[in-house]
2 protein chains.
Amino acid sequence: MYFEELRVINFADRDDKKAIEHGLGFAPKFDDRGLIPVVTTCAKTGRVLMQAWMNAEAIAKTIETGQAHYFSRSRQSLWHKGATSGEFQLVRDFRTDCDQDSLWLVVDQKGGKCCHVGHTSCFYRSIPIGQNLADGQAVKLVSDEE
Amino acid sequence: MYFEELRVINFADRDDKKAIEHGLGFAPKFDDRGLIPVVTTCAKTGRVLMQAWMNAEAIAKTIETGQAHYFSRSRQSLWHKGATSGEFQLVRDFRTDCDQDSLWLVVDQKGGKCCHVGHTSCFYRSIPIGQNLADGQAVKLVSDEE
């Protein structure tokens, strides 16, 4: 199944570090599960909406359709975001990083809510900075008012 | 060494899904290497600067110092970003997502350049959307002019 997916899209080789960092060949690095992390931000607010994973098939579907596709690790299958809820993510920009082991999607989020818990962004809780942890005190998160 | 690091910071249990998603206990999920992915954005521009990894020690150091610390997978050690270059990342916000398996740092990037290749952001190349991949054509990246 994995090799079937790889036939969908031709990637560049990863044997030349300079080409990976400076070239224009798309050579994503997949981990031992065939996955690469992707961060998704909102085109309007610049806010991080979610962090997820793609396999080769999800990358190909995202490029071809202009709608975000991920690989669901819990369901172990292709995940067309919004296919059941109608809350599709329309891709405005899709990027790869220097060593091509991470991807970035900029999207218009249909319906405005990205997170399954009901928030605009999955990142609705802050971790306070500047605490002294030496006394073994637990870290308490701070939730956004929405 | 891993257990030594865990003593630095007390995390909440991950046995209650509702508490993980709605509660104020910080219960990060580490993978089998003891790592959690983190995306770092620029406080000024909202742009994604980089995607990296943290272990428990990197999280604790980031909270205590207010400067971004990661775990370098290539060096297999704590990575205080900017320790050699002076290009520290001052943390303006630190967040966890709904299922607490991903983190988000908002930073002021000292020196303005985040990427070791010399760019403002590691994500200096776009992946064009809307191509038909059925003919097996390779995907060509588009590089930013900086």
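Considering (1) within 13 Å of the chain's Cα centre (by Cα); (2) over 26 Å from B:Cys114 (Cβ atoms); (3) among the hydrophobic types (A, V, I, L, M, F, W, C), the lone condition that A:Ala83 does not fulfil carries the number (1).
Among the conditions (1) farther than 22 Å from B:Phe123 by Cβ; (2) over 11 Å from the mean Cα position of the chain (by Cα), the only one that B:Thr45 does not satisfy is (1).
Every listed requirement among (1) among the aromatic types (Phe, Trp, Tyr); (2) in contact with a Phe, Trp or Tyr (Cβ under 7 Å, 6 or more places away or on another chain); (3) closer than 24 Å to A:Ser121 by Cα is met by B:Phe94 save one, (2). Applying the set (1) outside any loop (DSSP other than H, G, I, E, B); (2) at pLDDT 95 or above to A:Glu5 leaves exactly one unmet item: (2).
Matching residues to (1) on the phi > 0 side of the Ramachandran plot; (2) assigned to a loop (DSSP other than H, G, I, E, B); (3) at pLDDT below 95:
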position	(1), (2), (3)
A:Lys44	no, yes, yes
A:Gln51	no, no, no
A:Ile59	no, no, no
A:Phe71	no, no, no
A:Ser74	no, yes, yes
A:Leu78	no, no, no
A:Thr84	no, yes, yes
A:Arg92	no, no, no
A:Cys98	no, yes, no
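Residues considered: A:Gln137, A:Gln100, A:Gln131. Of these, the only one that is within 10 Å of chain B (Cβ to nearest Cβ), free of Cβ contacts under 8 Å to residues at least 12 places away in the same chain and in contact with a helix residue (DSSP H, G or I) (Cβ under 8 Å, 6 or more places away or on another chain) is A:Gln131. The residue list A:Ala58, A:Ala52 contains one member that is more than 8 Å from chain B (Cβ to nearest Cβ), buried (at least 22 other Cβ atoms within 10 Å of the Cβ) and either more than 22 Å from B:Ala134 (Cβ to Cβ) or in contact with a helix residue (DSSP H, G or I) (Cβ under 8 Å, 6 or more places away or on another chain) (or both), which is A:Ala52.
Does at least one position in segment A:21-34 carry a residue that is more than 10 Å from every other protein chain (Cβ to nearest Cβ) and surrounded by 16 or more Cβ atoms within 10 Å (Cβ to Cβ)? Scanning segment A:21-34 turns up at least one residue that is more than 10 Å from every other protein chain (Cβ to nearest Cβ) and surrounded by 16 or more Cβ atoms within 10 Å (Cβ to Cβ).
For segment B:30-40, the count of residues that are without any contact (Cβ under 8 Å) to a residue 40 or more places away in the chain and farther than 26 Å from A:Asp97 by Cα is zero. Within segment A:103-128, being over 28 Å from B:His22 (Cβ atoms) and touching a helix residue (DSSP H, G or I) at 6+ places or on another chain (Cβ under 9 Å) holds for one residue alone: A:Leu103. Looking only at residues in segment B:101-112 that are small (Gly, Ala, Ser) and surrounded by fewer than 23 Cβ atoms within 10 Å (Cβ to Cβ), the one that is nearest to A:Gly25 (Cα to Cα) is B:Gly112. Among the residues of segment B:80-100, those identified as farther than 13 Å from B:Cys42 by Cα and surrounded by fewer than 20 Cβ atoms within 10 Å (Cβ to Cβ) are B:His80, B:Gly82, B:Ala83, B:Thr84, B:Ser85, B:Gly86, B:Glu87, B:Asp99. Of the residues screened, A:Ile20 is one that is over 14 Å from the mean Cα position of the chain (by Cα), part of a helix (DSSP H, G or I) and more than 20 Å from A:Tyr124 (Cα to Cα). Taking the conditions (1) without any contact (Cβ under 8 Å) to a residue 12 or more places away in the chain; (2) out of contact with any strand residue (DSSP E or B) (no Cβ under 8 Å at 6 or more places or on another chain) in turn, B:Arg95 satisfies each one other than (2). Out of everything in segment B:113-128 that is surrounded by 14 or more Cβ atoms within 10 Å (Cβ to Cβ) and either of a type in the set (Asp, Glu) or more than 7 Å from chain A (Cβ to nearest Cβ) (or both), what residue ends up being nearest to A:Thr96 (Cα to Cα)? Restricting to residues being surrounded by 14 or more Cβ atoms within 10 Å (Cβ to Cβ) and either of a type in the set (Asp, Glu) or more than 7 Å from chain A (Cβ to nearest Cβ) (or both), the top hit is B:Tyr124. When segment A:100-143 is filtered for residues that are under 30 Å from B:Val117 (Cα atoms) and either in a strand (DSSP E or B) or basic (Lys, Arg) (or both), the ones remaining, listed by number, are A:Leu103, A:Trp104, A:Leu105, A:Val106, A:Val107, A:Asp108.
The values are calculated or read from the model by the stated rules, or taken from the named source; none is laboratory data. Note that the structure is predicted; figures quoted are calculated from it, not measured. Virtual Cβ from ideal backbone geometry, glycine too; neighbours counted across all protein chains shown.
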